[in-house]
């Protein structure tokens, strides 16, 4: 496996409650060809979940500069370390992950595929700001006309 150097570690910690999984690609796309073994597919989905649970955007790591060993990953995903090792090698080969220094794993294109939350969060902030700045649109009572 080719290792890359550790990337910028100035990001702020964050956790997600969910991750997107593309159904078509997962069921009928290259996923089935790249990971014919269902156990290896499980490891890929497990890595997506671990990256979503990580405080470091799209990375599987203990700290920004220290990843987990294959044995630790196997323990978290409740599988054999050899399965982690083989699945991880395929993920690198198919450019799904990059293994950085100290076994920090970065999911390739994480921000592209998991970006909706951030995009919608920004839109929610803009809407809240505009709502605060816009005067109330509730109709005001006009004086009633009385008959004389």
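The values are calculated or read from the model by the stated rules, or taken from the named source; none is laboratory data. Small disclaimer: the values here were computed from a predicted structure and weren't measured. Don't worry about glycine lacking a Cβ; one is built from the backbone with ideal geometry, like all the others, and counts go over all protein chains shown.
Below, the figures for the structure above:
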{"read-out": "Top-ranked residue of segment 19-49 - restricted to ones that are in contact (Cβ under 8 Å) with a residue 40 or more places away in the chain and under 16 Å from the mean Cα position of the chain (by Cα), ranked as surrounded by the fewest Cβ atoms within 10 Å (Cβ to Cβ)", "value": "22"}
{"read-out": "Residue ID - nearest to the chain's Cα centre (by Cα), chosen from residues in segment 78-107 that are touching a residue at least 12 places away in the same chain (Cβ under 8 Å), under 18 Å from residue 34 (Cβ atoms) and exposed (fewer than 15 other Cβ atoms within 10 Å of the Cβ)", "value": "95"}
{"read-out": "Filter result for residue 3 (at pLDDT 90 or above, surrounded by 12 or more Cβ atoms within 10 Å (Cβ to Cβ) and within 19 Å of residue 109 (Cα to Cα))", "value": "no"}
{"read-out": "Residues within segment 63-77 that are in a loop (DSSP other than H, G, I, E, B) and either touching a residue at least 40 places away in the same chain (Cβ under 8 Å) or surrounded by 15 or more Cβ atoms within 10 Å (Cβ to Cβ) (or both), tallied", "value": "4"}
{"read-out": "Count - residues of segment 36-53 that are closer than 17 Å to residue 74 by Cβ and assigned to a loop (DSSP other than H, G, I, E, B)", "value": "1"}
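Residue-wise test of (1) within 15 Å of residue 42 (Cβ to Cβ); (2) in contact with a helix residue (DSSP H, G or I) (Cβ under 8 Å, 6 or more places away or on another chain).
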{"site": "64", "(1), (2)": "no, no"}
{"site": "67", "(1), (2)": "no, yes"}
{"site": "79", "(1), (2)": "yes, yes"}
{"site": "82", "(1), (2)": "yes, no"}
{"site": "86", "(1), (2)": "yes, yes"}
{"site": "89", "(1), (2)": "no, no"}
{"site": "93", "(1), (2)": "no, no"}
{"site": "100", "(1), (2)": "no, no"}
